[in-house]
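Notes for the one structure printed next.
Read-outs throughout are calculated quantities, based only on the coordinates presented, and are distinct from any laboratory measurement. All values reported here derive from a predicted model rather than from experimental measurement. Glycine gets a Cβ as well: all are built from the backbone with ideal geometry, and neighbour counts include every protein chain shown.
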Amino acid sequence: MDENKKLAALRYAFPRTIPVMAGYLVLGAAYGILMNVNGYGFWWALMISVIVYAGSLQYLGLQFLVAAVNPIYAFFMSLMLNARHLFYGISMLDKYRDAGKLKPYLIFSLSDETFSVVCHEQPPKTLPIHWVYFWVSILDQCYWIIGTVIGVLLGSMIKFDTKGMDFALTALFVVIFVDQWKSGNGHRAALIGVLASVACVVIFGQNAFIIPAMILILGIITLDYKKSEKREEV
Amino acid sequence: MSAEVIRNLIIIAMMVAATMLTRFLPFLLFPAGKKTPKYITYLGTTLPYATIGLLVVYCLKNINFFASPFGLPEIIAIAVIVVLHLWRGNSLISIGAGTAVYMLMIQAVFK
């Protein structure tokens with residue numbers, strides 16, 4: 001590949017990542033501060049932002065580390081939280097198909113924000129399209145890593161009472177919930193998620209409700225699917 | 001390496017494995033030209049919504065509504081987030097303000 005074309009792709013990609021830059025620097029920094037406060041310093045935070053690279057899971061993962069949860073539980077919670085990535089992948093099957101040696105990294109780094117940029121991106125035909133995707137992906141991850149490092153350093157320099165800062169995770173999920181609700185789709189699924197979970201907290205208690213809630217949600221949604229299929233057959 | 005470090009590394013490995021599984025699986029399951037099963041597509045349009053509902057409940061599971069402060073810090077902070085987010089629609093403002101309100105509540109108001 002011609003170096004000039006790679007550079008042209010970078011020049012095209014960079015402005016498109018600026019909104020992500022703002023978000024990732026701030027959320028990454030908040031993550032770094034939280035990690036630092038809980039006793040997981042520079043190397044832990046850096047390693048996780050490089051190899052896990054999944055924003056909301058990293059916040060949740062901090063709770064896994066602090067509470068020393070069972071690894072199997074950590075695995076299934078992570079799977080559940082990240083299940084949406086399955087569908088980003090499905091949407092990108094065609095676009096990433098012929099990406100060659102860039103493909104593994106493109107798939108590895110397909111975060112929510114990167115997906116939101118690349119899924120609608122139609123670069124001019126003169127540019128090497130997979131390099132545009134690659135630059136968007138790697139710039140986004142760099143913002144996240146830089147944000148994390150800034151947060152760890154800030155957290156160790158400034159001393160302030162961070163009690164309650166972990167509420168950022170709750171806030172993040174509430175914001176996603178409102179965004180999804182506003183989009184007008186999935187009201188029923190969102191309510192199934194909330195109500196099934198509340199029911200399982202009441203029945204199984206706050207420490208054992210997750211797995212039953214996952215099964216209940218999957219069960220209700222599958223029943224819905226069977227019903228809608230039957231309607232189509234009639 | 002201490003047992004704690006090893007335990008942390010195992011938990012992180014689980015997070016990596018689950019994340020990689022969700023990101024790579026579609027490309028392994030549905031190679032060129034194969035059509036995605038309808039049930040999978042249906043799960044794709046519904047599960048993300050239900051999961052976020054579950055996670056909101058997960059974050060709030062330790063609230064005790066029957067003892068002071070009766071979940072008020074959480075309720076007020078979430079109300080702020082929802083109103084701000086419906087009004088401005090800026091994730092950073094909503095998350096930042098909501099977290100700040102919550103910190104203020106538990107550090108200064110409901111001590």
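Quick look at the numbers
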item	result
Projected label distance in nm at A:VAL50 and A:ASN4, using a 7 Å step from Cα toward the beta-carbon	3.5 nm
Shielding of A:51-63 by partner chains, average beta-carbon count, 10 Å	4
Approximate spin-label separation B:PHE110-A:GLU232, in nm, with each point projected 7 Å along Cα-to-Cβ	4.6 nm
Shape category assigned to the protein assembly as shown from the gyration tensor of Cα positions, a/c cut at 1.5	oblate
Protection proxy ranking, peptides A:27-34, B:44-51, B:77-84, average beta carbon neighbours within 10 Å, highest first	A:27-34, B:44-51, B:77-84
Within a Gaussian network of chain A (alpha carbon springs, distance under 10 Å), most fluctuating of A:VAL69, A:VAL26, A:VAL202	A:VAL202
Histogram of C-alpha separations across chain B, 5 Å bin width, %	2, 9, 10, 14, 13, 12, 15, 13, 7, 4, 2, 1, 0
Sites B:LYS35 and A:ILE72 - FRET efficiency at Förster radius 30 Å, r taken between beta-carbons, to 0.05	0.35
Residue mean of other protein chain beta carbons inside 10 Å, A:190-196	6
Around A:LEU65: net Lys/Arg minus Asp/Glu count, Cβ-Cβ under 14 Å	-1
Packing rank of A:165-175, A:47-57, where each peptide gets the mean count of other beta carbons within 10 Å, highest leading	A:165-175, A:47-57
Cα coordinate range in the range A:1-150, projected on the principal axes (Å, largest first)	52, 31, 23
Inter-probe distance in nm under a simple model that places probes 7 Å from Cα toward Cβ, at B:ASN64 and A:ASP179	3.5 nm
Per-residue average of Cβ from other chains inside 10 Å of A:109-115	1
Dipole of the protein assembly as shown, positive end: most advanced residue of A:MET77, A:SER137, B:VAL5 [Cβ charges, Cα centre]	A:SER137
Pairs beyond 27 Å (Cα-Cα), from A:LYS5/A:LYS101; A:LYS182/B:LYS61; A:LYS6/B:LYS35; A:LYS5/A:LYS95	A:LYS6/B:LYS35
